[in-house]
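Contents: one structure, followed by commentary.
The values are calculated or read from the model by the stated rules, or taken from the named source; none is laboratory data. Source: prediction; values computed, not measured. Methodologically, a virtual Cβ is constructed for each residue, glycine included, from the backbone with ideal geometry; neighbour enumeration extends over all protein chains shown.
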Amino acid sequence: MSEFWLISAPGDKTNLQAWERMNTVTSKSNLSSNSKFHIPDLKVGTLDALVGLSDELGKLDTFAESVIKKIAQYIGEVMEDSKDKVQENLLANGGLKDKMKCLQIDLISYLTRFEWDMAKYPIKQPLKNISEALAKQVTQIEADLKTRSAAYNNIKGNLQNLEKKTMGNLLTRTLADIVHKEDFVLNSEYLITLLVVVPKSSYVQWQKTYESLSDMVVPRSTKMIAEDAEGGLFTVTLFRKVMDDFKAKARENRFMVREFYYDEKELKCEKEELMKLASDKKQQYGPLLRWLKVNFSEAFVAWIHVKALRVFVESVLRYGLPVNFQAMLLQPNRKSVKRLRDVLNVVFKHLDEVAAASIMDPGMDIPGLQLSNQEYYPYVYFKIDLSLLDCS
């Protein structure tokens, strides 16, 4: 599963008891894969500050998760590739020992081997300062994402619009890459060359009748210059003054005259615009993808630090001082989620008998608790969902 449970329970002097009890019962039954989640000795501050920070961190958690999902989704849009290929590019930076600090690792590895980034988020400062630094970082990434994605989407959208014009049938598609100057009689006061779309089944009829559809059609002036699955594009030259009559007669015979007049400058501009947009998109692709991958990593690392802060704050509020708890990361077995929850409830029910009872009886109210019963357990609990491409 890509879902993890980040939990904590009060420990003894070595914090081994809570970990060993939980790990023994869950591993033995193959309910989950577990690892310790290391949180450094952060500054506690006052109780009032912790209560206020708890609410702020909840909002920041939701915001940071939304930003990394946006980046993950946009990497998919930019790469225009399969989900598996995109997933390979969703990596986190560092967090391991010095020689591996710059290594890009997969998200599960980063999470299960989490180490607090002391350089980026010094632990001697107040918790609120760390929270504000994380919020500022994620907010800036989101703002930059909006700017960069808007610029790239504009180029991509304009290019797609032009490319669509090259994909229609001969009645609707652009003719810039089909017609040539020599196909037309140009700069004549009396003559004009029209383009006519003729269904495949009517080629013979066209050849037999086009000269007699109206007066003043130049004999043997038709030529097929393009063909698709539905029909062919023919030229025909005639006198300007019979053009309207010819169009009407052609329509009666299911020959469709395209409203097109050869303009070399306009066609050249259309081709150049298509080439320019394709070139601009190609030039922006590499730098944009690199920025997305780097800032996905930055936002993801920030998000997991927010999770660590939340566990610390909630554990202090729940278990009191001095700070003594063990944070643990569980990856539930997909088929054993309910069983795992039941086992954890048994292991830790002594921490909060009322909460434990409410899990067994979902209809039971917990006095003074505003969280829904499904979110409150005898132990501190937060979910981390790494299925970032499955969410919109």
Residues that are of a type in the set (D, E, K, R) and within 16 Å of residue 256 (Cα to Cα), drawn from segment 204-221: 211
Whichever residue in segment 121-138 is of a type in the set (S, T, N, Q) and touching a residue at least 12 places away in the same chain (Cβ under 8 Å) and, among such residues, is nearest to residue 36 (Cα to Cα): 131
Any hit, segment 146-153, residues being assigned to a loop (DSSP other than H, G, I, E, B), exposed (fewer than 13 other Cβ atoms within 10 Å of the Cβ) and either assigned by TED's automatic domain parsing to the domain that holds residue 49 or without any contact (Cβ under 8 Å) to a residue 24 or more places away in the chain (or both): no
Under 45 Å from the mean Cα position of the chain (by Cα), exposed (fewer than 12 other Cβ atoms within 10 Å of the Cβ), under 30 Å from residue 57 (Cβ atoms) and of a type in the set (D, E, K, R) - does that describe any residue in segment 196-204? no
Just wondering, is there one or more residues in segment 36-47 that are assigned by TED's automatic domain parsing to the domain that holds residue 108, farther than 18 Å from residue 309 by Cβ, more than 12 Å from the chain's Cα centre (by Cα) and among the polar types (S, T, N, Q)? no
Of a type outside the set (Asp, Glu), in a strand (DSSP E or B), surrounded by 12 or more Cβ atoms within 10 Å (Cβ to Cβ) and in contact (Cβ under 8 Å) with a residue 40 or more places away in the chain - does that describe any residue in segment 23-33? yes
Residue list for segment 314-329, restricted to those being in a loop (DSSP other than H, G, I, E, B) and modelled with pLDDT of 95 or more: none
Of the residues that make up segment 110-120, is at least one under 26 Å from residue 328 (Cβ atoms), in a helix (DSSP H, G or I) and either free of Cβ contacts under 8 Å to residues at least 12 places away in the same chain or not aromatic (Phe, Trp, Tyr) (or both)? yes
